[in-house]
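The values are calculated or read from the model by the stated rules, or taken from the named source; none is laboratory data. On a predicted model such as this, the values are computed, not experimentally measured, just so you know. Cβ placement follows ideal geometry from the backbone for every residue including glycine, while neighbour counts extend to all protein chains displayed.
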Amino acid sequence: MDPQDLKAVVVGAGWAGEGHTKALQHCGVEVVAICARRQEIVGKVASNLGIAIASTDWRQTLMEVKPDIVALATPAILRTPVIELAVQLGAHLLCDKPLANTATEAERFYRLVDQAGIKHAYAATHCYHPSVTWAHQ
């Protein structure tokens with residue numbers, strides 16, 4: 001499938017969420033929505049990155065958009081329900097580090113993704129970490 005045919009939702013609007021958004025956009029994926037807890041923050045990030053939907057309700061956004069990809073840039077402790085819904089919707093996953101809170105939880109995520117036949121990527125790089133982008137500039 002051509003990346004330009006894919007649509008993504010990013011959950012988390014901090015520097016990691018911005019990094020995932022930029023990486024997806026660079027590959028030609030359309031990031032249609034970004035979600036975060038505070039509207040003033042997610043609205044600003046969405047505006048700066050050209051994203052149409054800025055939401056504080058990730059569940060509603062995933063259910064309405066039904067994305068091909070869900071990129072998670074949230075603390076690991078908040079990921080389980082997002083991962084479960086993304087898998088239920090058949091969305092491929094990109095998770096930031098740490099993947100999970102425990103090895104048992106990580107194994108559970110692996111089984112969920114494997115049984116659903118979707119792909120899961122684990123972002124363990126720092127390409128868009130503020131210190132690295134500053135050094136590049």
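Okay, residues lined up against (1) surrounded by 11 or more Cβ atoms within 10 Å (Cβ to Cβ); (2) more than 18 Å from the chain's Cα centre (by Cα); (3) closer than 27 Å to V65 by Cα; (4) modelled with pLDDT under 85:
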residue: L93; (1), (2), (3), (4): yes, no, yes, no
residue: A103; (1), (2), (3), (4): no, yes, no, no
residue: A106; (1), (2), (3), (4): yes, no, yes, no
residue: L112; (1), (2), (3), (4): yes, no, yes, no
residue: K119; (1), (2), (3), (4): yes, no, yes, no
residue: Y128; (1), (2), (3), (4): yes, no, yes, yes
residue: T133; (1), (2), (3), (4): yes, yes, no, yes
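Please list, ordered by first then second residue, the pairs with beta carbon atoms under 6 Å, 6 or more apart or interchain, first in segment 108-124 and farther than 15 Å from C95 by Cα, second hydrophobic (A, V, I, L, M, F, W, C).
Qualifying pairs under 6 Å: A116/V87.
Take the conditions of a type in the set (G, A, S), more than 16 Å from E18 (Cβ to Cβ) and surrounded by 19 or more Cβ atoms within 10 Å (Cβ to Cβ) and apply them to A54. Does it pass?
no
Just one of (1) of a type in the set (S, T, Y); (2) closer than 23 Å to W134 by Cβ; (3) within 13 Å of the chain's Cα centre (by Cα) trips up T61, so point out which.
It fails just one condition, (2).
Tell me which residues, restricted to segment 1-57, are farther than 23 Å from T133 by Cβ, hydrophobic (A, V, I, L, M, F, W, C) and not in a strand (DSSP E or B).
Those that are farther than 23 Å from T133 by Cβ, hydrophobic (A, V, I, L, M, F, W, C) and not in a strand (DSSP E or B): M1, L6, A52.
Could you list, in sequence order, the residues of segment 88-104 that are out of contact with any helix residue (DSSP H, G or I) (no Cβ under 7 Å at 6 or more places or on another chain) and part of a helix (DSSP H, G or I)?
Result: Q88, A103, T104.
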